[in-house]
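For reference, the structure discussed in these notes is given below.
The values are calculated or read from the model by the stated rules, or taken from the named source; none is laboratory data. As the structure is a prediction and not an experimental result, all values here were calculated from the model. In this analysis, Cβ positions are derived from the backbone assuming ideal geometry, glycine residues included, and neighbour counts consider all displayed protein chains. Each accessible area value is taken on the protein alone, full model and side chains, heavy atoms only, with ligands, DNA and RNA left out. Shrake-Rupley method; radii C 1.70, N 1.55, O 1.52, S 1.80 Å.
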Amino acid sequence: MALKALEVYKLLPKKNCKECGDPTCLTFAMKLASGKADVDLCPYLEEEAKSVLGATTRPPIRLVKVGVGERSFAVGEEFVLYRHDKTFYHPPGILFKVSDTLAPEEITSATVRVRDESFTRIGTDLRFNGIAIENTSGSPEVFARAVATVEESADLPLVLIAKNIKSLIAALIQVGSYQPLIHAATKENFREMCALAKNHSCPLVVKAHELDDLTALVKNCVGEGAKKLVMDLCPQSLGDFIITSTAVRQLAISRAVPDLGYPVYIDATHPSLQNAEIALGIVKYASVILTPPLSPASAKAALTLRQNIYTDPQKPIQMNPGLYRVGTPGKDAPVLLTVNFSLTFFTLQGYLESTRIPCFMLIVDTEGLSVLTAVAAGKLNETLVRDSIRKFDVEHEVTHKTLIIPGYSAPLSGRIEEATGWKVMVGPRDAAEIGEYLHEEWVKSSTLT
Ligand code: SF4
């Protein structure tokens, strides 16, 4: 159970020394109670108070960063089991996995894809996060060469996977300062692995199939001073992954087993199952996902799913209202009205660009609601349209007074005409039909005033 700010405050040393970065102990207590600060920031806390506060005020799943600076991504710090309860905060890092036995050109090709490929959706550039290199050869020299090949092409977050400690040492000589994620500590090797992770300040994967073993291993690694942990649940099947990952998340979120409060890792490279593994990983709480270099279709699907799941369900992605140009519209260009729900905007914009008819998009503020919802909720109405035409000075941009509204807002057409004095044309319901509509209805139209 989380402590209230006052209960937290009672346990603090109350020196008001500001060393934690907060002006007073009370403000630090408030941050701690809301999970926004770490107990370690106060150097004067007694160990006992630290352990009580740490267990109750830290986010139930720790934040772990892989890499440094711009070549990094952060995962964990999640608070809920179900996305609709609040939101999921840190999207999983998805990394292409390569073997050190691949030809250098193949390693370079995968690396360059991660470095260069990006796909824009709803105004956001979506991309993969890094490269995982596996020491399939077992040889430290071959592993180090593969890591060097990746480094020659890009500065990306890395995962280093090796059973042989000497291989990891050889790789870390080159890239240790970039804090790659090291895979993996087991109950047999955790002391050496923790020492390696500590020496380079690297995050470390801990690996066990049974939850009791995993919990014990986490405790041991933390005891060895390795605190940035990620957990490999070693699933035997997809079903096993769902069950174990869900149990881990429940136990961590409820703080029933705080030692399981670390991000989860999944290797989704099994032939023929990888798409299902990636999807399950994204949906069922994986924070580090390894995939083979994916086909364009699978890559797009994975990045789209991740964006959808990690979008705050309580905040529709919104565009700023305004008058947007598609191409270089002249004074006689059509004006198309729509809402400021980003998905609607970008979908319509894409279709408009492909019509090659320059035009204006009048985006009105429906607080991110889609057309149908905004009409039903009364957010899209004639007053909003009238005020938006005035606010964005549309009358000075065109010499006509004709407005094309979305098909789903057809019931408003009469009221918009009355309120604005503009002629209203009702466009299609489906944005995909806008090209045909403009060619049929606008270009041939004689409605210009
Ligand atoms: Fe208070 Fe500790 Fe922060 Fe100093 S460092 S202000 S004692 S909470």
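Observations, loosely collected:
- Scan of segment 316-345 for residues that are assigned to a helix (DSSP H, G or I) and open to solvent by 60 Å² or more (accessible area, probe 1.4 Å), ordered by number: Leu343
- Scanning segment 402-409 turns up no residue that is open to solvent by 30 Å² or more (accessible area, probe 1.4 Å) and either over 40 Å from the mean Cα position of the chain (by Cα) or hydrophobic (A, V, I, L, M, F, W, C) (or both).
- Within segment 124-138, if we keep just the residues that are of a type outside the set (Asp, Glu) and open to solvent by 30 Å² or more (accessible area, probe 1.4 Å), the residue that is nearest to Ser295 (Cα to Cα) turns out to be Arg127.
- Checking each residue in segment 378-387 for being in contact with a helix residue (DSSP H, G or I) (Cβ under 6 Å, 6 or more places away or on another chain), of a type outside the set (Lys, Arg) and either farther than 18 Å from Val424 by Cα or surrounded by fewer than 22 Cβ atoms within 10 Å (Cβ to Cβ) (or both) picks out only Glu382.
- Contact map, segment 382-398: residues that are farther than 14 Å from Asp365 by Cα and part of a helix (DSSP H, G or I) paired with residues that are at pLDDT below 95 and among the acidic types (Asp, Glu), Cβ distance under 9 Å, separation 6+ or inter-chain. No pairs are found.
- Of all the listed residues (Lys86, Lys10, Lys36), the sole one being within 29 Å of Phe128 (Cβ to Cβ) and of a type in the set (Lys, Arg) is Lys86.
- Number of residues in segment 217-240 that are surrounded by fewer than 15 Cβ atoms within 10 Å (Cβ to Cβ) and more than 26 Å from Asn275 (Cα to Cα): the value is 3.
- Number of residues in segment 318-372 that are without any contact (Cβ under 8 Å) to a residue 60 or more places away in the chain, of a type in the set (S, T, N, Q) and closer than 25 Å to His396 by Cα: the value is 5.
- Residue count, segment 288-310 (criterion: open to solvent by 10 Å² or more (accessible area, probe 1.4 Å) and out of contact with any Lys or Arg (no Cβ under 9 Å at 6 or more places or on another chain)): 8
- Tally of residues being farther than 22 Å from Asp387 by Cα and out of contact with any Pro (no Cβ under 8 Å at 6 or more places or on another chain) across segment 310-326: 7
- Pairs, first outside any helix (DSSP H, G or I) in segment 221-249, second modelled with pLDDT of 95 or more and open to solvent by 50 Å² or more (accessible area, probe 1.4 Å), C-beta under 7 Å, six or more apart: Glu224/Arg191; Gly225/Lys198; Ala226/Lys198; Asp232/Lys207; Cys234/Lys207
- Here is the figure for segment 3-52: residues that are surrounded by 14 or more Cβ atoms within 10 Å (Cβ to Cβ), more than 8 Å from the ligand (Cβ to nearest atom) and not acidic (Asp, Glu) total 17.
- Residue in segment 70-77 that is more than 20 Å from Lys198 (Cβ to Cβ), surrounded by fewer than 20 Cβ atoms within 10 Å (Cβ to Cβ) and within 14 Å of the ligand (Cβ to nearest atom) present: no
- All conditions but one from (1) over 30 Å from Thr269 (Cβ atoms); (2) out of contact with any helix residue (DSSP H, G or I) (no Cβ under 7 Å at 6 or more places or on another chain); (3) charged (D, E, K, R) apply to Lys50; the one that does not is (2).
- Between Pro428, Pro411, the distinction of being over 26 Å from Asp312 (Cα atoms), part of a loop (DSSP other than H, G, I, E, B), touching a helix residue (DSSP H, G or I) at 6+ places or on another chain (Cβ under 8 Å) and in contact (Cβ under 8 Å) with a residue 12 or more places away in the chain belongs to Pro428 only.
- Against the list (1) farther than 18 Å from Asp125 by Cβ; (2) outside any helix (DSSP H, G or I); (3) open to solvent by 20 Å² or more (accessible area, probe 1.4 Å), the condition Ala276 fails is (2).
- In the condition set (1) over 21 Å from Lys444 (Cβ atoms); (2) open to solvent by 30 Å² or more (accessible area, probe 1.4 Å); (3) modelled with pLDDT under 95, Ser354 is compliant with all but (1).
- Unmet requirement for Val375, which otherwise passes all of (1) open to solvent by less than 20 Å² (accessible area, probe 1.4 Å); (2) closer than 18 Å to Pro428 by Cβ; (3) of a type in the set (A, V, I, L, M, F, W, C); (4) not in a loop (DSSP other than H, G, I, E, B): (1)
- Against the conditions (1) charged (D, E, K, R); (2) surrounded by fewer than 17 Cβ atoms within 10 Å (Cβ to Cβ); (3) away from the ligand (no atom under 14 Å from the Cβ); (4) touching a residue at least 12 places away in the same chain (Cβ under 8 Å), Arg58 satisfies every one except (2).
- Residue check for Gly281: out of contact with any Gly (no Cβ under 9 Å at 6 or more places or on another chain) and buried (at least 23 other Cβ atoms within 10 Å of the Cβ): yes
- Test for Ile243: is it out of contact with any Asp or Glu (no Cβ under 7 Å at 6 or more places or on another chain), open to solvent by 70 Å² or more (accessible area, probe 1.4 Å) and at pLDDT 95 or above: yes
- Members of segment 359-371 that are open to solvent by 20 Å² or more (accessible area, probe 1.4 Å) and modelled with pLDDT of 95 or more: Asp365
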